[in-house]
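A quick write-up on the structure given underneath.
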């Protein structure tokens, strides 16, 4: 048990360093951007207000040596102060926190769908390797893997909303519907289907390919042959022998993909007008609110790091053999 | 070389991919002859359906020719993706080579740096970079390079770790060659095949990243690109599906072709691995 705690402590220390690295990177970006750093921090709207610019210069110590500026910047962020959005007239952290639950709902649903569908399809392809099923699944994965997510989203809207009229096109709930309780949840659920499907399909393709390859590799190992020699049922061999062991790379990969998932939410939330931090990032780009954009970058990174820690934990549960110190 | 071509040609997917890719490259090269007018120019009335009035793929919200946009967009997308892959290649190969060749604390340092770039959400970093440094060909190409190099650095490092203890490297060291010469002259040529494979897959990713940027309005404002066409017409998708549908097909086909070619290269360069995979 001490090994597991040590492992987690080690990961936590690493996470802290990554967060510090991101703060330094942000600081460098503000400094390296063309023009006055105060203008970058103020964004297009704030740059017109000389008093706001003066306040920013004082707050970030822009008349002091660079290393002091870095310290001031770090102190600010580590005390959860991401600055103020002049455009939206609100502290940046409040803006992001108000939108964050929507992004977590969207990416979480997409990830769950991607893992369940991807692993099932991959397992099916591996079990029937070389057959018509295998080719169909492999081809589907290749096609989905090549499509730009934002375009796939638009095409799904065209099919399911415009042509068939089954699902809503945009937003996270029906405006002025007055739904409460279960009705509200069902309404949000209907709005959630297309965006999470679009975001999840790409990762489904990734997991399907990974599960298939990994299962084929495990299927050649000795303990599988032993299981067959003992006369175990094929279904049991596939599930408890092959799939369980083949899932390890899938878990590892899910952790690594978290960043792509959150990044993809910028595109998907823009297509579906889903009110999360991805849509907020797009709005920040439109009005050149750089400080808000950098704030979203920091929070999204923290989200990804937290998710990585979680997959590390799951990893220690799925595979108790792991030498945790290594 | 002949063996390699034979193995590549045996892979049906790779052949189809190579053919589609050749078509896209031909379209890009011939764009100025097929559609001599500027793709930004208004060519006819807006919202013409595909086939109407001689517009094969229809016209957009302002009356620009969608087919001309796709042909000229092919040039932009291919060129930007190739150059940004070259940027990623130079960063990834140099860092991976240094880490794998020197080992020890240098390796640790470079790998921590690589992991850092792999952890942070790279598409958001890409958007931040291009937005802050204002969208232009240079900022787009450099930014895509900056977010794409880490996997390559890992691969090159791995190759260098195994190759560095081989006899031919030891011989070069005994002969007193400098480390730059050993890295680039002796080891790198022997580590090229995985680099080629991942470079071809990276071009595919770069096409997707470039399209996504211009979809968000972060493309170079002077260049017609597939992502821009989709982004500019997404609000009229109810009235005019064709304006956003065709550029998306172009992106998907190009990416699919590059992925198929990449897999074909991988199988042809590592025949043993391919047989094991049952391909």
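Derivation of every value follows stated rules applied to the coordinates shown; laboratory data play no part. If you're wondering where the values come from, they're calculated on a predicted model, not measured in any experiment. All Cβ positions, even for glycine, are placed from backbone atoms using ideal geometry, and neighbour counts span all protein chains on display.
In this simple spin-label model, placing a label point 7 Å from the Cα along the Cα-to-Cβ direction at both residue B:82 and residue A:54 gives a separation of 5.5 nm. Using the alpha-carbon atoms, what tilt in degrees (0 to 90, nearest 10) does helix A:290-318 show relative to the longest principal axis of chain A? Computed tilt is about 30 degrees. Placing pseudo-labels 7 Å out from each Cα toward the beta carbon at residue B:249 and residue A:97 gives an inter-label distance of 4.9 nm.
Fully extending the segment from residue B:12 to residue B:56 would add 12.8 nm, taking 0.36 nm per residue of separation and subtracting the current Cα-Cα distance.
Among B:230, A:96, B:182, sorting on how many other beta-carbon atoms sit within 10 Å of each Cβ, with the fewest leading, yields B:182, A:96, B:230. Take each residue of peptide A:139-148, count the partner chain Cβ atoms within 10 Å of its Cβ, and average: the result is 5.
Computed from Cα atoms, the angle from the helix A:181-219 axis to the main principal axis of chain A rounds to 60 degrees. Connecting C-alpha atoms closer than 10 Å in a GNM of chain B, tell me which of B:150, B:247, B:121 has the biggest fluctuation. Answer for the Gaussian network model of chain B: B:121. How much FRET efficiency would the formula 1/(1 + (r/R0)^6) give for residue A:217 and residue A:63, where r is the Cβ-Cβ distance and R0 is 60 Å, rounded to 0.05? Computed FRET efficiency for residue A:217 and residue A:63: 0.50.
For the range B:2-278, the Stokes-Einstein estimate of translational diffusion at 20 °C and a viscosity of 1.002 mPa s comes to 104 µm²/s, using the Kirkwood hydrodynamic radius over alpha-carbon pairs. In terms of other Cβ atoms within 10 Å, B:229, A:155, A:147 run from fewest to most in the order A:155, A:147, B:229. Semi-axis lengths, largest first, of the ellipsoid equivalent to the protein assembly as shown are 37, 33, 29 Å, with √(5λ) applied to each eigenvalue of the Cα gyration tensor. Averaged over the residues of peptide A:18-31, the number of Cβ atoms from other protein chains lying within 10 Å of each residue's Cβ is 2. Nearest 10 degrees is fine. How inclined is helix B:122-132 to the longest principal axis of chain B, computing both from alpha carbons? Here the helix axis deviates by roughly 60 degrees.
The share of Cα pairs per 5 Å bin across the range B:72-191, counted from zero up to the longest distance, runs 2, 12, 18, 18, 16, 12, 10, 7, 4, 2, 0 percent. Distance between the modelled labels on residue A:239 and residue A:169, one decimal in nanometres: 4.5 nm (7 Å Cα→Cβ projection).
Computed from the Cβ-Cβ distance with R0 of 41 Å, the FRET efficiency linking residue A:8 to residue B:33 stands at 0.05. Given their separation in residues at 0.36 nm each and the Cα-Cα distance between them, residue B:222 and residue B:134 gain 30.4 nm when the chain is fully extended.
Among A:252-258, A:56-62, B:249-255, A:129-135, the peptide with the highest mean count of other Cβ atoms within 10 Å heads the list, and the full ranking is B:249-255, A:252-258, A:56-62, A:129-135.
In this calculation the C-beta distance from residue B:2 to residue B:270 is compared with R0 = 22 Å, giving a FRET efficiency of 0.80.
Above 17 Å, the calculated P(r) of the range A:17-94 contains 45 percent of its Cα-Cα pairs.
From its DSSP helices (H runs of at least four residues, each -39,500 (n - 2.57)), chain B gives a residue-normalised ellipticity at 222 nm of -23500 deg cm²/dmol. Among A:279, A:228, A:288, the largest mean-square fluctuation in a Gaussian network model of chain A (Cα springs under 10 Å) belongs to A:228. Three semi-axes describe the equivalent ellipsoid of chain A; taken as square roots of 5 times the Cα gyration tensor eigenvalues and ordered largest first, they are 42, 28, 16 Å. Neighbouring Cβ atoms from other chains, within 10 Å of the Cβ of residues in B:206-217, number 4 on average.
Kirkwood radius, the range A:242-308, all distinct C-alpha pairs, inverse of mean reciprocal distance: 13.1 Å. Relative contact order of chain B, taken over Cα pairs closer than 8 Å and 6 or more residues apart, is 26 percent. Result for chain B in a Gaussian network model with C-alpha springs under 10 Å: among B:92, B:176, B:103, the largest mean-square fluctuation is at B:176.
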